[in-house]
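Single-structure report; data block below.
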């Protein structure tokens with residue numbers, strides 16, 4: 001070997017056709033490219049969106065590039081399909097790209113998935129004021145009266161103006177009779193349904209929260225052991 005010349009062939013580096021040293025490749029065989037550290041030759045994948053594959057002529061992928069999603073084609077081979085934008089879903093067949101807006105397919109849908117087995121678009125999350133019901137979205141107020149925002153058909157998180165969330169439903173803060181003290185909201189019959197902190201509903205009234213014997217109620221309305229005990 002002359003100083004500054006290449007070592008040919010480069011037997012120690014697979015698919016390297018010329019090298020700087022026995023461990024640093026200068027040029028790779030057709031269908032391969034140098035790794036960033038020049039210590040190996042990696043496959044140049046021909047399939048669209050394919051990050052790594054077994055050989056240049058391989059018809060399936062090992063991993064996909066960023067922005068692509070893996071799927072298995074009709075021949076059982078792993079392929080890569082481009083991801084659609086936020087709020088969209090790819091309904092293309094056999095790896096084809098057909099991006100559709102979720103809310104165009106399912107009213108008030110925020111994010112969705114596509115089932116190639118059934119050819120159905122399925123809601124994952126819904127826009128504010130709606131919840132996932134089956135494969136679509138339903139309005140919160142249709143399941144919970146006067147509910148503006150909910151997590152499901154049984155749990156309201158935010159009520160329409162003039163209503164309070166109590167136990168997952170919306171109640172009107174009816175003016176309570178003067179005979180009921182420490183009450184925040186009453187029902188239509190005058191019974192208390194929501195008491196102030198430190199109190200709990202008992203029948204129609206609010207009573208001070210009680211703790212087991214020897215326990216005391218702290219500032220967070222939690223029953224705790226007396227000081228010096230555990």
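Table: residues versus (1) surrounded by fewer than 16 Cβ atoms within 10 Å (Cβ to Cβ); (2) touching a residue at least 12 places away in the same chain (Cβ under 8 Å); (3) not in a strand (DSSP E or B).
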residue	(1), (2), (3)
117	yes, no, yes
123	no, yes, no
142	yes, no, yes
181	yes, yes, yes
212	yes, no, yes
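Restricting attention to segment 61-81 and to residues that are at pLDDT below 80 and surrounded by 13 or more Cβ atoms within 10 Å (Cβ to Cβ), the residue that is nearest to residue 34 (Cα to Cα) turns out to be 71.
The values are calculated or read from the model by the stated rules, or taken from the named source; none is laboratory data. Please read these numbers as outputs of a predicted model, since none were measured by experiment. Heads up, the Cβs are rebuilt from the backbone with ideal geometry, glycines too, and the neighbour counts pull from every protein chain shown.
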